[in-house]
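One structure below.
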């Protein structure tokens, strides 16, 4: 395996033949998405999409978490600013570009969920062609608890892939899903022992090396053709609704409660 390429060390790319492993590398914050990680992940996805030496990509997280969603400490700071503050628009634009990079990714995308997945750490799975989940992993989308709504087109991809009832449990109730729950819902295909997760995902991905890249890209384009207009429409509708909800009293109170719990936890 070649030495890791880095995007400011916050996103790691390791190449192994025609495969790439993309690792979110902010383990001290459970790979929570601040602006640097959003930007790095967007750039990495774009670069891998354009690299014709790469046939398939495995995405995972460093440390004990896959991705803890938005960094609520950062979000709390942004949401105290005026609605027309440039920092709010910039963060939203970068996240929108990241979602677009996922929804249009032209090659097989395989998630290796190594641990905690919250918010985008759960909803991004709707963009993936295959999902392997480590034993002990837990996933949740606490949008309702934060006074917000779904993102990453999950209002479309979750009902499509999980069924209405399971999608409602995930997106509206905000309940925790175990690894077995995610597989049972249809969103993931296998629960794997934690120490075998990456090897299993890469072993599965290697089967794609036997296929010409032109066929992989053509087939994925055809598979997405019927769904992509709906995925994009869902993302745009979610973005509009999110703009309405961010910074509202309910949202600010939820974030203040979170910050208070963090302070108490730190003593």
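Data overview
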| quantity | calculated |
| --- | --- |
| Checklist (1) crowded, with 22+ Cβ neighbours inside 10 Å; (2) in contact with a strand residue (DSSP E or B) (Cβ under 6 Å, 6 or more places away or on another chain) applied to residue 153, failing item | (2) |
| Some residue of segment 133-147 being within 24 Å of residue 236 (Cβ to Cβ), in contact with a helix residue (DSSP H, G or I) (Cβ under 6 Å, 6 or more places away or on another chain), surrounded by 23 or more Cβ atoms within 10 Å (Cβ to Cβ) and modelled with pLDDT under 95 | yes |
| Unique residue being surrounded by fewer than 22 Cβ atoms within 10 Å (Cβ to Cβ), modelled with pLDDT of 95 or more and in contact with a strand residue (DSSP E or B) (Cβ under 8 Å, 6 or more places away or on another chain) when the list is 12, 30 | 12 |
| Tabulated pairs, segment 90-108, first farther than 11 Å from residue 127 by Cα, second not in a helix (DSSP H, G or I), C-beta under 6 angstrom, 6+ apart or interchain | 107/56 |
| Selection from segment 143-191 of residues that are in a loop (DSSP other than H, G, I, E, B) and in contact (Cβ under 8 Å) with a residue 60 or more places away in the chain | 147, 148, 149, 150, 151, 152, 153, 187, 188 |
| Of the criteria (1) modelled with pLDDT of 95 or more; (2) surrounded by 20 or more Cβ atoms within 10 Å (Cβ to Cβ); (3) in contact with a helix residue (DSSP H, G or I) (Cβ under 6 Å, 6 or more places away or on another chain), which one residue 95 fails | (1) |
| Residue in segment 39-58 that is at pLDDT 95 or above, assigned to a loop (DSSP other than H, G, I, E, B), buried (at least 18 other Cβ atoms within 10 Å of the Cβ) and touching a helix residue (DSSP H, G or I) at 6+ places or on another chain (Cβ under 7 Å) present | yes |
| Residue check, residue 235 touching a helix residue (DSSP H, G or I) at 6+ places or on another chain (Cβ under 7 Å), at pLDDT 95 or above and in a helix (DSSP H, G or I) | yes |
| Candidates 117, 121, filtered to the one that is under 16 Å from residue 189 (Cβ atoms), crowded, with 24+ Cβ neighbours inside 10 Å and at pLDDT 95 or above | 117 |
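The values are calculated or read from the model by the stated rules, or taken from the named source; none is laboratory data. Small disclaimer: the values here were computed from a predicted structure and weren't measured. Cβ atoms come from the backbone with ideal geometry, glycine included; neighbour counts cover every protein chain shown.
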